[in-house]
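The values are calculated or read from the model by the stated rules, or taken from the named source; none is laboratory data. What you see is a predicted model; the values in this text were computed from it and never measured. Here Cβ is always computed from backbone atoms with ideal geometry, including for glycine, and neighbour counts include all displayed protein chains.
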Amino acid sequence: MSSATGRRVVVTGATGNVGTSVVRLLSEDAETGSVRGLARRIPGWSPPRTEWSAVDLASERAPLAEEFEGADAVVHLAWAFQPTHDPATTWRTNVLGSIRVFEAVAAARVPVLVHASSVGAYSPGPKDRAVDESWPTHGWPDAAYCREKAYLERALDTFERDHPEVRVVRMRPAFLFKRESASEQRRIFGGRFLPGPALRPELLPFLPDVPGLRVQALHTDDAARAYLLALRHEVRGAFNLAAEPPLDARVLSEMLGLRTVRLPRPAARSAIAAAWGLHLLPASPHLFDAVLRLPLMDCARAHTELGWRPERTATEALRELLEGLRHGDGADTEPLRGRKVG
């Protein structure tokens, strides 16, 4: 760390769901001297000790090494979820853009790289027990999101071998929710015109119970604290991040006060595939297939080595998202802009 001025941190994807939480925590952190946020568009939001640069990772001419010059750490969060019908486009941003970030970290001699991986990088695994960070990370090859996250795990394997002087940390969080990201996540997964106010328990006749649909979640601010702790502690490697309890039909029915109705996997997938094929739903059936196969994660390493524990439960994080959806909540950045539909 630069002792005279405090730690200098560059954050890619700084205006998104995770990026806004990480930048806010860093701007409030006494050990952080300055933050440089990289995003495709400069936001109106301006937290203390933060500067902004307009950078598109999809561009081969992005001056990443210049942006990283003199940094004590790079936190790489940038990610494009859409267009789901054009995986070559997301590959250029997510995979090729990330590899450019890794190369620029080495070229600028940045000593620390914290990379946003995901539960989606994991190979199919159990739903009745939790797996640690040694579980294989080959993803679900039919889903672009998982395929890209898994490919970058292999790219980082090579990067760490070639650049042992760089301390590399890989965060593998569960689904991340906060109120300010509600409008963004509605657009990403439900579509631009899905009415948020319709997502009210009292308007739903029942809750579909799809076999195998059991996932973990985490409040975005809790994930951001783990990123900050990874900068403070001399740790390397991967960390699972999730809150209790795992979310399934039983937990959600108790939370929302709804009865459950068993819905076979083929019926659920067919409905999603039809809507996706008609460009009515951005979330693809391939991602649905992947979600059904995601393992549950054991977060003991983050608890022990980072001293990290989530402050909110998974159900609290989900409630906050649902409230945000109903009110069209967002933030003063392009990805998180609020919009109430319906």
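Residues that are closer than 22 Å to Ala121 by Cα and of a type outside the set (A, V, I, L, M, F, W, C) within the range 165-177 comprise Arg167, Arg170, Arg172, Pro173, listed in sequence order.
Is it the case, given these coordinates, that Leu207 is in contact with a Ser or Thr (Cβ under 8 Å, 6 or more places away or on another chain), buried (at least 18 other Cβ atoms within 10 Å of the Cβ) and at pLDDT below 95? When the stated conditions are applied, Leu207 passes them. Being not assigned by TED's automatic domain parsing to the domain that holds Tyr227 and not hydroxyl-bearing (Ser, Thr, Tyr) is a description that does not apply to His303. Taking the criterion of being buried (at least 16 other Cβ atoms within 10 Å of the Cβ), in a helix (DSSP H, G or I) and in contact (Cβ under 8 Å) with a residue 40 or more places away in the chain, the residues of the range 263-294 that qualify are Ala268, Trp276, His286, Leu287, Asp289, Ala290, Val291, Leu292, Arg293.
Residues are listed down the side, and each one gets a yes or a no for (1) of a type in the set (A, V, I, L, M, F, W, C); (2) at pLDDT 95 or above; (3) at negative phi:
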| residue | (1), (2), (3) |
| --- | --- |
| His219 | no, yes, yes |
| Ala223 | yes, yes, yes |
| His233 | no, yes, yes |
| Ala238 | yes, yes, yes |
| Leu247 | yes, yes, yes |
| Leu252 | yes, no, yes |
| Leu278 | yes, no, yes |
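Suppose the filter is touching a Lys or Arg at 6+ places or on another chain (Cβ under 9 Å) and closer than 20 Å to Glu184 by Cβ; does Leu280 pass it? Let's see the steps before the verdict.
Working: touching a Lys or Arg at 6+ places or on another chain (Cβ under 9 Å): no; closer than 20 Å to Glu184 by Cβ: yes.
No: the conditions fail for Leu280.
Scanning the range 236-262 for residues that are among the acidic types (Asp, Glu) and either part of a strand (DSSP E or B) or crowded, with 18+ Cβ neighbours inside 10 Å (or both) yields one hit, Glu244.
Residues to consider are Ser181, Ser98, Ser118; find the one that is touching a Cys at 6+ places or on another chain (Cβ under 9 Å), among the hydroxyl-bearing types (Ser, Thr, Tyr) and closer than 30 Å to Gly330 by Cβ.
On the way: Ser181 fails: touching a Cys at 6+ places or on another chain (Cβ under 9 Å); Ser98 fails: touching a Cys at 6+ places or on another chain (Cβ under 9 Å).
Ser118 is the lone residue from the list that is touching a Cys at 6+ places or on another chain (Cβ under 9 Å), among the hydroxyl-bearing types (Ser, Thr, Tyr) and closer than 30 Å to Gly330 by Cβ.
Do we find a residue being at pLDDT below 95, loosely packed, with under 15 Cβ neighbours inside 10 Å and over 20 Å from the mean Cα position of the chain (by Cα) anywhere in the range 301-313? No, there is no match, as no residue in the range 301-313 is at pLDDT below 95, loosely packed, with under 15 Cβ neighbours inside 10 Å and over 20 Å from the mean Cα position of the chain (by Cα).
Yes/no matrix, rows are residues, columns are (1) of a type in the set (Gly, Ala, Ser); (2) farther than 21 Å from Ala116 by Cβ:
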{"site": "Gly6", "(1), (2)": "yes, yes"}
{"site": "Val10", "(1), (2)": "no, no"}
{"site": "Ala14", "(1), (2)": "yes, no"}
{"site": "Thr20", "(1), (2)": "no, no"}
{"site": "Leu25", "(1), (2)": "no, no"}
{"site": "Glu28", "(1), (2)": "no, no"}
{"site": "Gly37", "(1), (2)": "yes, no"}
{"site": "Glu60", "(1), (2)": "no, yes"}
{"site": "Ala65", "(1), (2)": "yes, no"}
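Elements of the type helices (runs of 4 or more DSSP H) sitting completely within the range 1-119 and holding at least 3 residues that are of a type in the set (A, V, I, L, M), within 22 Å of the chain's Cα centre (by Cα) and crowded, with 16+ Cβ neighbours inside 10 Å: these cover 17-28, 97-107.
Restricting Phe177, Phe189 to those that are among the hydrophobic types (A, V, I, L, M, F, W, C) and in contact with a helix residue (DSSP H, G or I) (Cβ under 6 Å, 6 or more places away or on another chain) reduces the list to Phe177.
Here is a yes/no grid of residues against (1) on the phi > 0 side of the Ramachandran plot; (2) assigned by TED's automatic domain parsing to the domain that holds Arg232; (3) among the β-branched types (Val, Ile, Thr):
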site	(1), (2), (3)
Arg49	yes, yes, no
Ser59	no, yes, no
Pro63	no, yes, no
Glu69	no, yes, no
Asp72	no, yes, no
Phe81	no, yes, no
Thr84	no, yes, yes
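I'd like to know if the range 256-276 contains one or more residues that are among the β-branched types (Val, Ile, Thr), under 24 Å from the mean Cα position of the chain (by Cα) and not assigned by TED's automatic domain parsing to the domain that holds Ala14. Yes, the range 256-276 has at least one match.
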